[in-house]
Amino acid sequence: MLNFDKVLKEAISRDILTVSEVDDMLKMTRKKLVEQKHPYVINSRSNGRVITTVREDGKLKQISAVTMDDMMDKLYLFYFENKKNLTLNDLFPEWKDERLKDKNVNIKTVRRDNEHWNKYYIDHSIIHVPFCKLTTKMLNDFFNATITKFNLSNREYNNMKSIMIALLRIAIDEEIIVENPMNGIYIKSKFRAVRKKTDGSKLYLNDEFDALDSHLEEESTIEALCIQLMFQLGVRIGEVVALKLSDIEYGKIAIQRMEEKVLVFDGEKFKSAGVQIVEHLKKENDSEYRFILLTDVAKEIIRKARELNPDGEFIFERNGERLTARAVTYWLSKYCRDAGVTYKSPHCTRRTTASRLSNAGLPLDMIRDILGQVDEKTTLTYIFNPNTEQENLDIMNKAMNKGNKKNKKKNKKN
């Protein structure tokens with residue numbers, strides 16, 4: 001293996017390179033590295049001094065230098081010579097800022113990770129340990145203690161662990177560390193068991209659905225029709241309020257856009273900034289952009305909506321304004337109350353549709369496509385027993401009494 005120090009000394013001693021040439025090459029290389037790493041503007045003041053900003057310990061800090069060359073030296077020392085002392089606490093703010101600028105990353109995911117950082121990481125000493133000193137045992141102790149302290153489910157653990165995985169990956173990519181201390185992690189703490197509820201709290205049971213649907217039929221307002229179509233299609237509430245008549249073709253309706261809440265980060269916290277309509281991307285692996293077959297009932301609902309809203313761009317409009325998800329949520333709550341039905345969230349309508357279709361014998365893969373999901377395992381979490389207790393008892397009696405009836409017939413013949 002080449003000894004670069006020896007090669008460099010020999011190149012200088014043999015006049016292949018001069019000391020000033022080596023210095024110039026180093027300055028150019030450092031300048032390029034700093035420009036790639038430094039996200040803030042470097043300004044020159046009237047007195048000739050140069051100023052800029054860096055993020056240190058999660059806070060913005062101003063630094064100054066006499067000349068631009070001096071500034072480059074300071075920034076190089078800050079970003080590269082001090083890398084050995086970088087910690088999780090140093091990298092998390094940068095990672096968050098980069099993801100906020102990345103249009104491919106949903107801001108809701110960034111907010112969730114920020115909440116998890118504040119809940120599970122911020123008060124733990126591990127975030128101040130330099131990456132080069134992090135060990136598998138430290139991570140083992142941290143994760144096992146966190147699982148126990150917060151009584152985490154397996155899913156909650158995986159969500160909070162994803163932050164550590166991402167930051168360690170960055171540390172490896174930036175050559176802060178060579179080996180990943182996550183390798184060899186052993187979880188011995190017990191996860192909180194999450195049982196799938198079967199008490200009807202996750203969907204509208206058959207009697208509830210029938211009562212609510214009858215009431216919606218009587219009302220026949222644009223809001224009632226919107227809720228009825230949401231049940232018929234199994235779509236998200238943000239998708240049903242974004243449907244247009246132009247989405248209908250050959251007995252199917254294209255689900256290609258949805259209303260989405262707009263979140264912004266003001267430098268300190270995430271806050272709501274209204275809603276917007278976003279398009280589902282039409283691509284090979286996308287499950288949200290999809291076509292759903294229109295049932296006879298769905299076609300009749302759309303026909304009625306068109307009579308109430310003949311000139312609207314969207315199927316569900318009132319006085320020329322598109323219905324919002326917030327408004328439909330309010331009307332669902334009101335109509336449930338009026339119908340004497342326990343209110344359940346709009347997302348429960350999707351579980352209701354999936355459960356009723358499954359109960360009627362529709363194949364799982366088709367239910368998955370209707371819901372706009374990639375994995376059938378996810379679809380299974382939407383399927384519950386929609387029967388009432390009496391309906392379940394009737395089914396059990398019917399099933400268990402068949403054998404008794406056959407035995408009675410045989411006894412009569414004998």
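Assorted remarks:
- Scan segment 101-125 for residues that are in contact with a strand residue (DSSP E or B) (Cβ under 9 Å, 6 or more places away or on another chain) and not polar (S, T, N, Q) and the total you get is 5.
- Residue among ASP365, ASP375 that is under 18 Å from LEU293 (Cβ atoms), surrounded by fewer than 20 Cβ atoms within 10 Å (Cβ to Cβ) and free of Cβ contacts under 8 Å to residues at least 40 places away in the same chain: ASP365
- Residues of segment 40-61 that turn out to be modelled with pLDDT under 90 and under 39 Å from the mean Cα position of the chain (by Cα), as a count: 8
- Answer from ILE277, ILE253 - the residue that is in the same structural domain as CYS336 (by TED's automatic domain parsing), surrounded by 15 or more Cβ atoms within 10 Å (Cβ to Cβ), among the aliphatic types (A, V, I, L, M) and in a strand (DSSP E or B): ILE253
- Restricting segment 218-250 to residues that are under 21 Å from TYR382 (Cα atoms) and among the β-branched types (Val, Ile, Thr) leaves a set whose member that is farthest from the chain's Cα centre (by Cα) is ILE227.
- Residues of segment 84-103 that turn out to be part of a helix (DSSP H, G or I), in contact with a Pro (Cβ under 9 Å, 6 or more places away or on another chain) and farther than 17 Å from GLU268 by Cα, as a count: 2
- Among the conditions (1) on the phi < 0 side of the Ramachandran plot; (2) at pLDDT 95 or above; (3) not aliphatic (A, V, I, L, M), the only one that GLY340 does not satisfy is (1).
- Hits in segment 34-81 (condition: touching a residue at least 40 places away in the same chain (Cβ under 8 Å) and among the hydrophobic types (A, V, I, L, M, F, W, C)): VAL34, MET72, LEU75, PHE80
- Among residues of segment 198-217 being among the hydroxyl-bearing types (Ser, Thr, Tyr) and within 29 Å of the chain's Cα centre (by Cα), the one that is surrounded by the fewest Cβ atoms within 10 Å (Cβ to Cβ) is THR198.
- Boolean, GLU175 is exposed (fewer than 15 other Cβ atoms within 10 Å of the Cβ), at pLDDT 95 or above and not small (Gly, Ala, Ser): no
- Positions within segment 284-311 being touching a residue at least 60 places away in the same chain (Cβ under 8 Å) and either touching a Pro at 6+ places or on another chain (Cβ under 9 Å) or more than 30 Å from GLU376 (Cβ to Cβ) (or both), in sequence order: LYS304, ALA305, ARG306, LEU308, ASN309
- Wholly within segment 104-208, helices (runs of 4 or more DSSP H) carrying at least 3 residues that are outside the structural domain of THR381 (by TED's automatic domain parsing), closer than 30 Å to THR353 by Cβ and free of Cβ contacts under 8 Å to residues at least 60 places away in the same chain: 154-173
- Residues in segment 295-316 include none that are over 19 Å from ILE107 (Cα atoms), touching a Gly at 6+ places or on another chain (Cβ under 6 Å) and of a type in the set (A, V, I, L, M).
- Any hit, segment 272-293, residues being closer than 26 Å to LEU205 by Cβ and either more than 23 Å from the chain's Cα centre (by Cα) or of a type in the set (Val, Ile, Thr) (or both): yes
- Within segment 219-241, being farther than 20 Å from CYS348 by Cβ and either modelled with pLDDT of 95 or more or buried (at least 24 other Cβ atoms within 10 Å of the Cβ) (or both) holds for THR221, ILE222.
The values are calculated or read from the model by the stated rules, or taken from the named source; none is laboratory data. Keep in mind that what you see is a predicted model, and the values were worked out from it rather than measured. Positions of Cβ are generated from backbone atoms using ideal geometry, with glycine treated the same way; all protein chains shown enter the neighbour counts.
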